[in-house]
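Just below is one structure, and these are the notes that go with it.
The values are calculated or read from the model by the stated rules, or taken from the named source; none is laboratory data. Everything quoted here is computed from the prediction, not taken from an experiment. Neighbour counts are summed over all protein chains in view; Cβ atoms, including those assigned to glycine, are modelled from backbone coordinates with ideal geometry.
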Amino acid sequence: MSTAPADEHPSRTPWSAVLLGVLVLGILLATCGVPGGGADDPPRSPADPARVAEPALAELLGERSRALGGDDRDAWLATVGEDAAYRERQGWVFDNLVQLPRAVARFELVDGSARTEGDEVVAEVRRVLQVAGWDVVPVTTAAEYRFRLTTVAGGGAATTAYRVVADTEASAPWDLAPVRVVVRGGALVVADAADARADALADDVEQAIDDVASEVPLPWSARAMVYALSATDVLRAVEGMPVDDPEQLDGVAFTVAAAPEDRTVAAVRVVLHPRLLTTDAGSPSRGRLLRHELTHVALGDRDDRVPTWLSEGVAELVSVRGMAMGERAISRAAIDAAEAGVAGVAELPGDADFGGARSGASYGLAWWACEHVVRTWGEDRLWSLLASYAASPDEDRDAVLRRVLGVDGSELAGAAGRRIVSVFG
């Protein structure tokens, strides 16, 4: 993955010469009576108090960073204002964060962002957090923080210092409610704090990771972070979700960018619909769903560079491996579409077909297009097709198919439809 180059160090500037030049120019302006340089000028406005406060705010954020790095809850809460509700929230945010294995965890003030609002200073703060073993690079998120001067006892005399009194952090489950983090091998599950089902789910995720690792011949970490919460808030917030209504999804894999202005993929995570928590632990249906989403994790950024029918088809193909044929369910819509394609002109699903009314049919056709490739040309040819698309994402899609398989999309779709009809019709 691309990383930012190391900062180049500019050559040193002879600041003493610059300062001397400024002083000489000031003397000339004063003695020559240049307009605007006289004694009758209006007084300059005092410095912006918010900007004056920035060094103190930066130091306070440094204290928060050190408290988090040292797992020091008291030091963390010492940076927080007096409001009881906000202190309670900050308490469980700290408790959430310290459960994560952290390679990097710090808070940074965005220079020049501070402004005053009443008796508060508002500024943009960036949290830099890397979950060790699960994030390839640190993840930077931006939020607005509010600071207020607070009376602080110390050294025998009361003084005033800035404290955090509010923030808009909401980029991950650990910002929204108390959570519990369960780690099993390469599986890291984030669940509600009181949810005892998280342990069984973590076991299932660990098994699914092993299953996918044995089927997908691509380099990947064989690790996955899975959000499994009782509310759909995080699922609704996923950027680029394929459907508008999260009730239509059992789960989705999504990429996490390194920073708002840096789209480097730091991680691919999975968020599950709450109903997956009520599905029996170890059940074939839950295992299939987990293998599907974890295949997307294994594909990584290749997932976004290939046709959706191929990424979803590969995920479905891997998800049913090891299942009895009678357990490999397919939608009625896929069977109907296959029969219609056999009778008429078949086409592979388009990228937009995997959301809304056509999604059921599209997933089934994509799955069996991949099944046909494997059964006709072998497993290696399927992965060669994926590699070819990923390497040439702008090339005509039928041209790639003809180059790798010798058929076009219509021919492949027709063959997939005939297989569906023969197996499920």
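Applying the set (1) out of contact with any helix residue (DSSP H, G or I) (no Cβ under 7 Å at 6 or more places or on another chain); (2) surrounded by 16 or more Cβ atoms within 10 Å (Cβ to Cβ) to ASP245 leaves exactly one unmet item: (2).
Selection of segment 177-190 for residues being assigned to a loop (DSSP other than H, G, I, E, B) and surrounded by fewer than 18 Cβ atoms within 10 Å (Cβ to Cβ) yields ALA177, PRO178, GLY185. Here GLY282 clears all of (1) on the phi < 0 side of the Ramachandran plot; (2) assigned by TED's automatic domain parsing to the domain that holds ALA191; (3) surrounded by fewer than 17 Cβ atoms within 10 Å (Cβ to Cβ) except the condition numbered (1).
Does TRP92 count as part of a helix (DSSP H, G or I), at pLDDT 95 or above and either crowded, with 16+ Cβ neighbours inside 10 Å or touching a Gly at 6+ places or on another chain (Cβ under 8 Å) (or both)? The answer is no for TRP92. Restricting attention to segment 218-241, the residues that are at pLDDT below 95 and among the aliphatic types (A, V, I, L, M) add up to 6. Residue pairs whose Cβ atoms lie under 6 Å apart, separated by 6 or more positions or on different chains, with the first residue in segment 104-121 and hydroxyl-bearing (Ser, Thr, Tyr) and the second in a strand (DSSP E or B), are SER113/ALA123; SER113/GLU124. Take the conditions (1) of a type outside the set (Ser, Thr, Tyr); (2) touching a Ser or Thr at 6+ places or on another chain (Cβ under 9 Å); (3) surrounded by 14 or more Cβ atoms within 10 Å (Cβ to Cβ); ALA158 misses just one of them, which is (3). Is it the case, given these coordinates, that GLU54 is part of a helix (DSSP H, G or I) and surrounded by fewer than 16 Cβ atoms within 10 Å (Cβ to Cβ)? Criteria not met by GLU54. Only one of the listed residues (ASP195, ASP199, ASP203) is touching a strand residue (DSSP E or B) at 6+ places or on another chain (Cβ under 8 Å) and assigned to a loop (DSSP other than H, G, I, E, B). That residue is ASP195.
Identify all residues within segment 378-410 that are of a type in the set (Val, Ile, Thr) and more than 32 Å from the chain's Cα centre (by Cα); write none if there are none. VAL404, VAL407, listed by residue number.
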